[in-house]
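Quick notes on the structure that follows.
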């Protein structure tokens, strides 16, 4: 490809030299320069798949989505999948950040770390259970959906998943998270973190920021809702990265169909 581009550029350069000086700004010169630009650029979003039948586009998109979601689930649905990934690691809920800072100053840093780690472990346990929902969303994709995704932005497919499968994913993940938060000790670690200690100073601050107990005896912060939302955010972030890689990195197009739809690089 590089040799071809250089050859085209050299040919155009020679043609430009051969033009009369008076014609340097003419439409002929502009046409030649446009040809150079086109020869050095890949397919634009609007041109992707323009010469392919809808069935090929749909098949290529489905393959890309299956590849992206599988890689995302494999990456996040294991020990360390969230915890070791700075882009998706689940932090302490915003309202507890100041309390966590005080807890560390009071020598309670281990409790803060245990609480944060347990939330990420719960997310890692939940992620592998959602593959079927993504599969359903992919199978339901129409030809119109496929063309819109193909010519959309780098995260068009991810946005499609959010729109089509977001509610089903939340409904699926929430009970899994609820079970996982018990099995990995999220609630226990939360209680340990919010138990007060050091003369009750931490407990008082948590109450001020809504991290303590609610009037009905439950936690003011719904941990299951929080971890579920952050799990989905992390999953879509990872899928978005996978999608962008397929769109922009020829090496990520590992099958003939992906190369056919997105370009062979």
Hits in the range 251-265 (condition: part of a helix (DSSP H, G or I), in contact (Cβ under 8 Å) with a residue 60 or more places away in the chain and surrounded by fewer than 19 Cβ atoms within 10 Å (Cβ to Cβ)):
257, 260
Do we have any residue at all in the range 166-181 that's surrounded by 16 or more Cβ atoms within 10 Å (Cβ to Cβ), modelled with pLDDT of 80 or more and within 30 Å of residue 263 (Cα to Cα)?
no
Answer yes or no as to whether residue 248 is more than 22 Å from residue 183 (Cα to Cα), surrounded by fewer than 14 Cβ atoms within 10 Å (Cβ to Cβ) and modelled with pLDDT of 85 or more.
yes
Single match in 103, 171 (criterion: assigned by TED's automatic domain parsing to the domain that holds residue 82 and over 22 Å from the mean Cα position of the chain (by Cα))
103
What number of residues in the range 80-114 are surrounded by fewer than 20 Cβ atoms within 10 Å (Cβ to Cβ) and either touching a strand residue (DSSP E or B) at 6+ places or on another chain (Cβ under 6 Å) or under 30 Å from residue 253 (Cβ atoms) (or both)?
6
Among 116, 124, which is the only one that is more than 19 Å from the chain's Cα centre (by Cα), within 30 Å of residue 101 (Cβ to Cβ) and in contact (Cβ under 8 Å) with a residue 12 or more places away in the chain?
116
Please work out if residue 120 is surrounded by 20 or more Cβ atoms within 10 Å (Cβ to Cβ), out of contact with any helix residue (DSSP H, G or I) (no Cβ under 8 Å at 6 or more places or on another chain) and closer than 23 Å to residue 174 by Cα.
yes
Would you confirm, using the coordinates I've provided, whether residue 156 is over 20 Å from residue 76 (Cα atoms), modelled with pLDDT of 90 or more and either surrounded by 16 or more Cβ atoms within 10 Å (Cβ to Cβ) or not assigned by TED's automatic domain parsing to the domain that holds residue 59 (or both)?
yes
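The values are calculated or read from the model by the stated rules, or taken from the named source; none is laboratory data. This is a predicted model, so every value here is computed, not measured. Reconstructed Cβ throughout: ideal geometry from the backbone, glycine too, with neighbour counts over all protein chains shown.
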